[in-house]
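Comments concern the structure below.
The values are calculated or read from the model by the stated rules, or taken from the named source; none is laboratory data. Just so it is clear, the structure is predicted and the values come from calculations on it, not from any experiment. Ideal geometry is used to build each Cβ from the backbone, glycine not excepted, and the neighbour counts take in all protein chains shown.
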Amino acid sequence: MGEYRKLSGGEISRLSSQSCVADNWDNVWVDEYFSTEYVHHTRFSGVIKLGVFQSDFTLPGGIKKHAGLKHVTLHNVTLGDNCCIENIQNYIANYEIGHNTFIENVDIMLVDGVSKFGNSVEVSVLNETGGREVLINDKLSAHQAYICALYRHRPELICRMKEIANYYSDKHSSSIGHVGSHVKIINTGSIKNMRIGDYCHIEGTLRLENGSINSNEQAPVYIGHSVICEDFIISSGSHVDGGTMLTRCFVGQACRLGHNYSASDSLFFSNCQGENGEACAIFAGPFTVTHHKSTLLIAGMFSFMNAGSGSNQSNHMYKLGPIHQGTMERGSKTTSDSYILWPARIGAFSLVMGRHVNHSDTSNLPFSYLIEKNDTTYLVPGVNLRSVGTIRDAQKWPKRDRRKDPNRLDFINYNLLSPYTIQKMFKGIALLKDLSRISGETSELYSYQSAKIKSSSLRKGIELYNTAIHKFLGNSIIKRLEEIVFKSDEEIRARLKPDTEIGTGEWVDISGLIAPKSEIDKLLDGIENGNINRLHCINEAFEQMHRNYYTYEWTWAYNRIEEHYGINPETITAKDIIAIVEAWKEAVVGLDRMVYEDARKEFSLSSMTGFGADGSRSEMQQDFEQVRGDFESNTFVTAVLKHIEEKTALGNELIVRMQHIK
C-alpha cells in the first residue's frame, strides 16, 4: 500500500454511478493506484482508507471472484490491498483489515467503544464461586495460569501478576479492531469487539464477541459452523467447529474443540481436545482429552488426561454450594462411568474405575489403580507401571503435538519418569512400609486416605516402585557416563559431579513443566519484588527451566544415589557402577517383560470374541489377524522387544568400559 490521496471528481462521479454513497467524500482516502472499477453498492461513513483491488480469489469449486467491494457499508475502516468484501447485511465499523482478505455474507462486524479483545477477562477456574480467577491474555501459558490459580497463599504475588496482565491488556486495548491478512470470513453472523490474526478461516460461525483469535501463517486458526464464543482467547493452530460454545474461556495452541462441546470458565492449554461433552471451571493442562457426549469435567485440574465416557465429578455436597475442587495429576485416566466426589487428589499416571466418594489423596502413590467395589475405594499402588497403556500414552504424546507456531506458549515435559514422579515413589515406599509396620505385616487389608490396600498389592507396590527407581537412576547414571573412556575411579567421580547445585530439593509439575521448586520460587520472588514485571519475561524464565531440565535432573539423581543404593557418590567405584547397571538392566528388562505380557492380553482368545462372526474358531483367528494383526508382528510389541535388546546392549557396553578400570 502506497501513500493515500483523496478521490478525484471523476472518481467520485464513477463511484456514484455505481450506486456508491458517502457521508463526506473528503473523508474517503485511497491508494495512489486505486481504481473505481470494482467498487459497487457501497456506503462510506467516517474516515475510510482503501487499498487497491487488482487480484482474484479462487474459491472452492473453481469459481473466481475479483477483489473489490459490493453491497457493503463501511464506517471508520482501513482496508488493505486486494481484499474482497461482499454482502454485509448490516455494516463493518471501526476495523483495520489487512491484505488479501475475503469477507462475504456476514451480518455485522463492529467494535463498540474501547475493547481489550478478551484480554483480562476473569475466568473463575476450579472454584465456580470465585477465589481462583485467572486473567486470560494472548501470552498466557499453562504455567502462568497454574500459579495464578493455585498460589493464593502468596497474595502479593497474585496482585503483581494481575498488574502485569492488566498492563498488557491496557497496552493492547483499542477502539479499532483488527482483521489480519489472508483471512477468510464467510457466512458468519455477528462479530463484535474482535481481533483476528492472519490466515484465520471463519465459516458458518454464529457469534464471536469480545475475543482474540491469534492465528498466523505458520499456525492458522479455523472457527467453523454454529460456533458461539464470548469473552475468550483462541491461540494459534486451534480448530473450533461443530456448534462449540465457549464462555469466558482460554483455548491454547493446537487445541481441537467440536461436536457441540460446551465450556464455561475454563482454560484449555496446548493440544487439548474436547468433543460432545461439557466443561465447567476446569483447568485443562496440555493433552487433556475428552471425546464423549455423556462426560462432564467440572472444577478439576487435569493434564495428559483421557476421560472415559460418562466420567463425572461433583464440586459441591449440597451444603455451601459448588466450592470444592480436585486434581488429577498428569497422566491420570478415568474409565467409563467413573465418578469422583471432590475434593480429592489422584496421583500421577493413575487409573480411576468406578465411583469414589471418600475424598482420597493418592498423590504420593503414583501409577496406581483406584477401583471401587461395594462403595469402597481399593488402591493398587504402582500397578500402572507395568501397563501397556501407560507406555503407549507416553510414546504418543510427543507425536501428537500439533503445534506449528514457532513461538510456543507452553513448555511441555513428556517424561514418564522424572524427579517429580520418582520423588513420589520414594515417599510411596516409605508410606507403604509405615502402613505395614503400624498395622502389622500379617494384615490382609490396610487403610490409607479412606481407601483400602490389599497386603499383596502393598508388597507388589513397593517392588514396582523400587524397580522404577532403579530404572530412572540407572538411566541417569548411564547417560552421564556415556561415550567416555575412563582410566580411574577418580575420573568417574569427577564426571558424576553435578554441573549445578540447582535441583537438589523438591520438584513440581507446573501444568506440563517439570522443574525444581527452588527455581519456581525464585521466579515468584522476582515477580513479587518487581524485578520481573512483563509477561514475556515470565515466559522466558519458564523456557530457561525447561531448557535446563536434564542438567537439573542429574543434580537431583546424583543426590539420590546414596539414599537408594547405599553408595556414597564421593567414593563410588567402577565396581559400584557395574552393580548399579546390572540392577538397571534387571529393572528395564523386568518392566518391559511386564508390559509385553500386558500387551499379550489384547491378543487372547477372549479378545477375539465378535470376530469371525459366522465361522469356526480358526476363522475367528484368521479374521482377528486380518483386522488386528498377530501378536509378534504388532508394532508396539516389536518396539518393546527392540527396547529390551537395545537397553541390554547399552548396559553391557558400559559394564565393559568399567571392567577395564583397575
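I'm trying to understand the selection: among the residues of the range 213-240, which are part of a strand (DSSP E or B), under 19 Å from the mean Cα position of the chain (by Cα) and touching a residue at least 40 places away in the same chain (Cβ under 8 Å)? Within the range 213-240, PHE232, ILE233 meet the criteria. Would the range 196-203 turn up any residue that is of a type outside the set (Phe, Trp, Tyr), in a strand (DSSP E or B), out of contact with any Phe, Trp or Tyr (no Cβ under 6 Å at 6 or more places or on another chain) and surrounded by 19 or more Cβ atoms within 10 Å (Cβ to Cβ)? Yes, there is a match, as at least one residue in the range 196-203 is of a type outside the set (Phe, Trp, Tyr), in a strand (DSSP E or B), out of contact with any Phe, Trp or Tyr (no Cβ under 6 Å at 6 or more places or on another chain) and surrounded by 19 or more Cβ atoms within 10 Å (Cβ to Cβ). When each of ILE48, ILE92, ILE103 is tested for being under 24 Å from ASP198 (Cα atoms), in contact with a Cys (Cβ under 9 Å, 6 or more places away or on another chain) and at pLDDT 95 or above, the lone residue that passes is ILE103. Within the set GLY347, GLY326, GLY331, the sole residue that is within 19 Å of ILE510 (Cβ to Cβ), crowded, with 21+ Cβ neighbours inside 10 Å and in contact with a strand residue (DSSP E or B) (Cβ under 7 Å, 6 or more places away or on another chain) turns out to be GLY326. Listed by first and then second residue, the pairs linking a residue in the range 412-430 that is over 12 Å from ASN364 (Cβ atoms) to a residue that is among the charged types (D, E, K, R) and assigned to a helix (DSSP H, G or I), with Cβ atoms under 9 Å apart and 6 or more places separating them unless they lie on different chains, are ASN415/GLU553; LEU416/ASP393; LEU417/LYS471; SER418/GLU553; PRO419/GLU553. Among LEU135, LEU126, LEU140, LEU150, which is hydrophobic (A, V, I, L, M, F, W, C), in contact (Cβ under 8 Å) with a residue 12 or more places away in the chain and at positive phi? Answer to the check: LEU126. If you go through the range 161-184 and keep only what is of a type outside the set (Lys, Arg) and part of a helix (DSSP H, G or I), you end up with MET161, GLU163, ILE164, ALA165, ASN166, TYR167, TYR168, SER169, ASP170. Counting only strands (runs of 3 or more DSSP E) that sit wholly inside the range 62-154, those with at least 1 residues that are closer than 22 Å to ASN27 by Cβ are 68-79, 84-88, 92-97, 102-110. Criterion applied to ASN306, ASN271 was being touching a Lys or Arg at 6+ places or on another chain (Cβ under 7 Å) and crowded, with 24+ Cβ neighbours inside 10 Å, and the one residue passing it is ASN271. Going through (1) part of a loop (DSSP other than H, G, I, E, B); (2) buried (at least 17 other Cβ atoms within 10 Å of the Cβ); (3) modelled with pLDDT of 90 or more one by one, LEU464 falls short only on (1). Taking the criterion of being in contact with a helix residue (DSSP H, G or I) (Cβ under 7 Å, 6 or more places away or on another chain) and at positive phi, would at least one residue in the range 489-503 satisfy it? Looking through the range 489-503, at least one residue is in contact with a helix residue (DSSP H, G or I) (Cβ under 7 Å, 6 or more places away or on another chain) and at positive phi.
Remark: pairs (first residue in the range 1-22, closer than 22 Å to GLY80 by Cα; second residue acidic (Asp, Glu); Cβ separation under 7 Å; 6+ apart in sequence or on different chains) = MET1/ASP31; MET1/ASP81; GLY2/ASP31; GLY2/GLU32; GLU3/GLU32; TYR4/ASP31; ARG5/GLU32; LYS6/ASP26. Taking the range 1-40 as the range and being part of a helix (DSSP H, G or I) and of a type in the set (Ser, Thr, Tyr) as the test, the residues that pass are SER13, SER16, SER17.
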